[in-house]
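Enquirer: The following block contains the structure, expressed as structure tokens.
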Amino acid sequence: MIFQENATLKQKLEILSDAAKYDVACTSSGVERKGKKGQIGNSVASGICHSFAADGRCISLLKILFTNECIYNCKYCINRCTNDVPRATFTPEEVCTLTIEFYRRNYIEGLFLSSGIIESPDYTMELICRTLHDLRRLYRFNGYVHCKAIPGASPELIEEAGWYADRMSINLELPTAQGLRELAPNKNRKTILTPMRQIQNGMAESRAELGMKGGNQSAYWYTQKRLGRALPGADIAAIGEKTNSNVKGLPQQGIIRADGTGLVRENPQAENSLSVKNASTALSQWKHRDTSRGFVPSGQSTQMIIGAAGESDYEIMAVTEALYQKFDLKRVFYSAFINVNQDANLPALRGQPPLRREHRLYQADFLLRYYGFRAEELLSEKRPFFNTYLDPKCDWALGHLEHFPVEINTAGFDVLLRVPGIGTKSAKRIVEARKSGSLDYHALKAIGVVMKRAIYFITCNGRMMYHFLKIDEDYITRNLLENDKDVMKDFGEKVTYKQLSLFDDYAEGG
Amino acid sequence: MDKPTRIYQCEDTAEGILSAVYDAGLSGYGHKYIKIQPQTENQMENFELFAEYVPVVTEEEKVLRVIHSVRDKISRQAHFYMMSAVASCYPDRGDAIYQFVTYGFTMGAKVCDALQIPCVKRIFEIKRAVHNEAHFMKEFLRFQEVQREPALLLAVIEPKNRVIPFITEHFADRFPEEWFIIYDKTHKEASFHYREGNWELHILTEEEAEKLEELLEQQEDYVDLWKAFFNSITIEERKNEKLQRNMFALHYRKHATEFL
């Protein structure tokens with residue numbers, strides 16, 4: 001191992017941001033918090049991006065590891081203990097100074113602090129807590145903080161971090177428990193899901209006691225509510241308090257059974273299953289902590305590596321949906337696998353990492369969270385992968401032409417949402433605008449409907465935009481592929497599609 | 001027979017346009033025949049032969065009357081749309097505002113959603129453009145510390161629209177204990193923030209603008225650290241400069257530390 005004993009601050013920053021860059025989440029969204037006299041910083045619910053790196057990914061937070069030393073040996077990770085890479089460790093003071101000085105210059109929205117495992121999970125979590133304590137209390141930082149919960153760390157330390165942080169995340173790493181066993185021998189599902197459950201319950205307790213504190217429910221939660229479906233994690237807290245038993249009898253509706261993989265089977269004994277025991281209460285430090293921000297007000301997220309362990313898109317979406325439903329996550333992130341270690345147990349990649357697949361998963365993730373789709377509507381065991389050429393919504397629409405065309409001037413909000421080319425914002429605008437008179441194709445453009453996709457699926461006052469349009473699968477597919485730059489363009493060696501075009505509707509800072 | 005178009009010529013400022021809206025509204029001439037033309041330097045180029053020209057005198061009283069009646073009689077949202085459009089740079093904004101306000105007085109609060117009406121659509125587009133630009137400024141504006149004791153932060157921007165009022169509030173809330181200046185080089189104006197959230201907007205003289213430009217020449221240490229972070233956070237295997245350009249357009253990079 002190479003140690004950089006006397007590294008300068010700049011060298012440390014380079015090593016420890018380089019080591020942190022494979023973590024995907026960089027969002028600063030989910031909590032609205034005003035500035036405070038005597039402090040520095042506020043937080044904006046939509047999040048703010050501050051720059052974009054040469055890979056096109058948003059830079060919103062100072063994303064660094066506290067240390068890249070690590071006692072674990074996860075096969076996919078650049079920081080695994082058997083790798084011969086330069087190592088460095090920050091001091092809490094260095095992290096605080098960098099955060100404050102970058103923040104004052106409007107380079108960043110806040111801090112994203114992760115870490116390699118040094119000595120033990122508890123020791124590592126303590127270092128994170130000490131740093132966040134200093135940042136909040138000594139440096140009086142009131143901006144956004146995202147930190148990792150270290151799997152295996154004690155509940156007291158997880159709780160302490162949650163009182164400082166806006167968002168916490170624990171990476172699921174791999175969609176299947178088997179993949180995790182093979183590639184991350186020092187981690188297991190239980191040590192990952194236990195703190196995730198604790199944070200979920202802690203958030204529920206904090207909201208019951210203190211209110212939302214500027215945080216909001218997840219997009220998934222709002223969508224389920226609008227559709228009158230069972231809300232994510234709704235009865236979990238109640239079950240936990242009374243019986244301290246396993247999470248059974250959860251809302252069954254809409255939960256996908258991906259049998260054979262054991263992904264979401266409610267089997268208490270199976271390490272595979274996405275369920276863990278509930279702690280009786282998640283929070284016990286009310287009296288000793290600053291509760292003014294609430295407990296993890298911006299919620300929690302996780303990420304999965306895509307394409308390292310041979311899992312299907314269907315398995316990934318099933319796990320994603322289960323995480324939204326049972327763990328009330330805010331976001332699930334997908335990280336296209338990059339073979340940094342050339343490990344024999346990992347698939348060899350020809351050319352680029354599976355970016356297009358990652359892109360399709362993000363699109364499908366939006367369909368779950370904002371559009372009310374269920375994973376089983378998009379994929380099935382018989383058809384476990386997304387169409388590479390068409391986005392998941394177009395793909396779904398082409399398979400369900402019996403629902404089309406949709407009449408713009410009368411269709412309900414949720415029907416409009418299922419039309420390719422209509423997003424949440426444009427659907428809302430259509431519903432508002434038609435109160436003052438009927439809409440024509442001209443107005444739809446102003447509203448922000450993507451006409452090149454929508455025209456095959458809609459009518460305005462009973463008429464399609466052009467008389468020669470046909471509601472026919474082959475005809476529409478051919479036209480979509482021809483007219484839509486995003487579909488075929490640059491597919492192959494160079495991928496230059498607009499990765500974030502699906503975020504246009506939300507302007508989320510992430 | 002059609003009436004001749006009546007063109008209200010006003011100052012090319014927020015106050016000028018709102019005064020013209022007031023005069024035009026009071027005239028009862030009929031909104032189909034009214035245009036509002038802010039006077040810029042090359043105005044003579046689009047002189048119309050068969051139109052009546054009416055000069056507008058800018059008065060605070062007119063401005064306040066328009067603002068208050070839009071806010072109280074239409075809606076706060078309509079007020080917000082109008083103030084956003086007034087801050088924009090589009091030559092047709094006077095016409096759009098006048099027609100929007102006229103419709104608003106008949107339709108009430110729902111006017112803002114009626115995107116099938118051309119002037120509402122236009123106001124909506126202008127408002128969106130202004131706030132998109134303001135949002136980009138919140139993202140990409142960079143402060144530099146031009147003085148240590150007491151600390152003073154300075155940022156320079158070159159927006160198309162006059163976005164300073166929309167962004168200064170954001171930074172004032174964020175940095176209640178900082179002294180900072182946001183300098184709009186396009187419109188030669190700047191906001192000055194003092195501690196505890198008080199700030200003022202000033203139109204700058206030539207000398208004041210030059211003074212700010214001089215201050216910007218300085219170098220500081222954190223620039224180097226930020227560039228180091230900016231470079232090392234890139235994943236080489238995912239390199240995609242076209243995507244980067246889509247997200248961070250070249251013309252916004254002019255004052256962004258990491259690209260200098």
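Enquirer: Once label points are set 7 Å from the Cα along Cα→Cβ at both B:Ser27 and A:Asn345, what is their separation, rounded to one decimal in nm?
Expert: 8.0 nm
Enquirer: Would you tell me the mean number of C-beta atoms belonging to other protein chains that fall within 10 Å of each C-beta in B:118-128, as a whole number?
Expert: 2
Enquirer: Restricting to bridges with both residues inside the protein assembly as shown, how much of the DSSP beta-bridge set is antiparallel, in percent to the nearest 5? The partial results should precede the final answer.
Expert: Working: 19 of 62 bridges.
Here the antiparallel bridges make up roughly 30 percent for the protein assembly as shown.
Enquirer: Moving on. Aspartates and glutamates within cross-link reach of B:Lys62: Cα-Cα under 19 Å, excluding same-chain residues under 8 positions apart?
Expert: B:Glu11, B:Asp12, B:Glu15, B:Asp23, B:Asp72, B:Asp95
Enquirer: Nothing charged except the Cβ atoms of Lys and Arg (+1) and of Asp and Glu (-1): what's the magnitude of the dipole of the stretch B:137-259 about its Cα centre? Round to the nearest 20 debye. Before the final figure, lay out each step's value.
Expert: On the way: 17 positive and 26 negative charges, 163 e Å.
With only Lys, Arg, Asp and Glu charged at Cβ, the dipole is about 780 debye.
Enquirer: Select from A:Tyr144, B:Tyr103, B:Ile233 the residue farthest towards the positive end of the dipole of the protein assembly as shown; place +1 on Cβ of Lys and Arg, -1 on Cβ of Asp and Glu, and compute about the Cα centre.
Expert: So the residue furthest toward the plus end is B:Tyr103.
Enquirer: Taking the Cα centre of the protein assembly as shown as origin, work out the dipole magnitude from +1 charges on Lys and Arg Cβ and -1 charges on Asp and Glu Cβ, in debye rounded to 20.
Expert: Values: 98 positive and 103 negative charges, 482 e Å.
Result for the protein assembly as shown is approximately 2320 debye, rounded to the nearest 20.
Enquirer: Using helices alone, what [θ] at 222 nm do you get for chain B, with -39,500 (n - 2.57) per DSSP H run of 4 or more residues, divided over all residues and rounded to the nearest 500? Spell out each step's value before the answer.
Expert: Working: 9 runs with 114 residues, N = 260.
Calculated from helices alone, the mean residue ellipticity at 222 nm is -14000 deg cm²/dmol.
Enquirer: Counting other C-beta atoms within 10 Å, which of B:Leu216, B:Leu154 has the fewest, and how do the rest follow?
Expert: Numbers: B:Leu216 14, B:Leu154 20.
Result, fewest neighbours first: B:Leu216, B:Leu154.
Enquirer: Moving on to the next point. Can you find, among B:Ile34, B:Val57, B:Gly16, the residue sitting farthest towards the positive end of the charge dipole of the stretch B:5-133, where Lys and Arg contribute +1 and Asp and Glu -1 at Cβ?
Expert: Final value for the positive-end residue is B:Ile34.
Enquirer: So in the stretch B:137-259, what percent of DSSP beta bridges are antiparallel if you round to the nearest 5?
Expert: Details: 13 of 19 bridges.
Restricted to the stretch B:137-259, the bridges split so that about 70 percent are antiparallel.
Enquirer: Based on Cβ point charges of +1 for Lys and Arg and -1 for Asp and Glu, what charge dipole magnitude is obtained for the stretch A:1-169 about its Cα centre, in debye rounded to the nearest 20?
Expert: Details: 20 positive and 20 negative charges, 138 e Å.
The dipole magnitude comes to about 660 debye.
Enquirer: Just grab the label-to-label distance for A:Asn186 and A:Glu407, each label 7 Å out from Cα along the Cβ direction, in nm (one decimal).
Expert: Label at A:Asn186, label at A:Glu407, 6.4 nm between them.
Enquirer: Output the pairs from A:Lys34/B:Lys73; A:Lys393/A:Lys452; A:Lys225/A:Lys330 with a Cα-Cα distance over 23 Å in this structure; if there are none, say none. Don't skip to the answer; put the middle values down first.
Expert: On the way: A:Lys34/B:Lys73 30 Å; A:Lys393/A:Lys452 14 Å; A:Lys225/A:Lys330 15 Å.
As for pairs spanning more than 23 Å Cα to Cα, those are A:Lys34/B:Lys73.
Enquirer: Which of A:Ala318, B:Met83, A:Ser426 sits farthest toward the positive end of the charge dipole of the protein assembly as shown, with +1 on the Cβ of Lys and Arg and -1 on the Cβ of Asp and Glu?
Expert: Value computed over the given set: A:Ala318.
Enquirer: How many partner chain Cβ atoms sit within 10 Å of a residue's Cβ in peptide B:131-144, on average, as a whole number?
Expert: Details: counts 0, 1, 0, 0, 5, 1, 1, 6, 10, 6, 3, 5, 5, 3.
Counting other chains' Cβ atoms within 10 Å and averaging over B:131-144 gives 3.
Enquirer: Along the Cα-to-Cβ line of A:Arg140, 7 Å from the Cα, sits a label point; which residues in the stretch B:133-158 have backbone N less than 19 Å from it?
Expert: B:148-153
Enquirer: Looking only at other chains, what is the average number of their beta-carbon atoms within 10 angstrom of each beta-carbon in A:92-99? It would help to have the intermediate numbers written out before the result.
Expert: Numbers: counts 0, 0, 0, 0, 0, 1, 4, 0.
Averaged over the peptide's residues, the number is 1.
Enquirer: Using the beta-carbon distance between B:Thr40 and A:Asp472 and R0 = 45 Å, what value does 1/(1 + (r/R0)^6) give for FRET efficiency, to the nearest 0.05?
Expert: Details: r = 53 Å, r/R0 = 1.18.
For B:Thr40 and A:Asp472, the calculated efficiency is 0.25.
Enquirer: Return the distance in nm (one decimal) between the two label points of a simple spin-label model at A:Lys425 and A:Phe385, each offset 7 Å from Cα along Cα→Cβ.
Expert: So the label points at A:Lys425 and A:Phe385 sit 3.4 nm apart.
Enquirer: Would you list which lysines come within 19 Å of A:Lys445, measuring only between C-alpha atoms, while excluding same-chain residues fewer than 8 positions from it?
Expert: Excluding near neighbours in sequence, the set is A:Lys425, A:Lys428, A:Lys435, A:Lys485, B:Lys121, B:Lys127.
Enquirer: Starting at the first residue of the stretch B:78-94, write each ³J(HN,Hα) from the Karplus equation 6.51 cos²θ - 1.76 cosθ + 1.60 with θ = phi - 60°, in whole Hz, x for Gly and Pro.
Expert: 5, 4, 5, 4, 5, 5, 5, 5, 4, 7, 7, 10, 6, x, 8, 5, x
Enquirer: Where does each of B:Ile203, B:Ile167 land when they are ranked from fewest to most other beta-carbon atoms within 10 angstrom? Intermediate results must be reported in sequence, preceding the final value.
Expert: Working: B:Ile203 9, B:Ile167 22.
The fewest-first ordering by Cβ neighbours comes to B:Ile203, B:Ile167.
Enquirer: Then there is this: If I build a Gaussian network model for chain B, linking alpha-carbon pairs within less than 10 angstrom, which residue out of B:Tyr222, B:Tyr53, B:Tyr103 has the largest mean-square fluctuation?
Expert: The residue with the greatest mean-square fluctuation here is B:Tyr222.
Enquirer: Ok, one more. When we measure straight from the Cα of A:Lys10, which lysines land under 27 angstrom away, once same-chain ones fewer than 8 places off are left out?
Expert: Hits, sequence-local ones excluded: A:Lys21, A:Lys63, A:Lys148, B:Lys138, B:Lys227, B:Lys239, B:Lys254.
Enquirer: To make sure I understand, if each residue's beta carbon is the centre and we count other beta carbons within 10 Å, what order do B:Val146, A:Val419, B:Val57, B:Val66 fall in, fewest to most?
Expert: Values: B:Val146 18, A:Val419 26, B:Val57 11, B:Val66 23.
So the ranking, lowest neighbour count to highest, is B:Val57, B:Val146, B:Val66, A:Val419.
Enquirer: Could I ask something else about it? On full extension of the chain, what length is gained from B:Lys110 through B:Asp12, given 0.36 nm per residue of separation minus the C-alpha to C-alpha distance? It would help to have the intermediate numbers written out before the result.
Expert: Numbers: separation 98, 0.36 × 98 = 35.28 nm, distance 2.92 nm.
The B:Lys110-B:Asp12 span can extend by a further 32.4 nm.
Enquirer: Related question: For B:Glu125, put the label point 7 Å out on the Cα→Cβ axis and report which residues of the stretch B:18-43 keep their amide N under 18 Å from it.
Expert: B:36
Enquirer: Also, quick follow-up: Going by amide H atoms built from the backbone, whose H comes under 5 Å of the H on A:Ser60, apart from near neighbours?
Expert: A:His50
Just so you know, all these numbers are worked out from the coordinates, no wet-lab data involved. Small disclaimer: the values here were computed from a predicted structure and weren't measured. In this analysis, Cβ positions are derived from the backbone assuming ideal geometry, glycine residues included, and neighbour counts consider all displayed protein chains.
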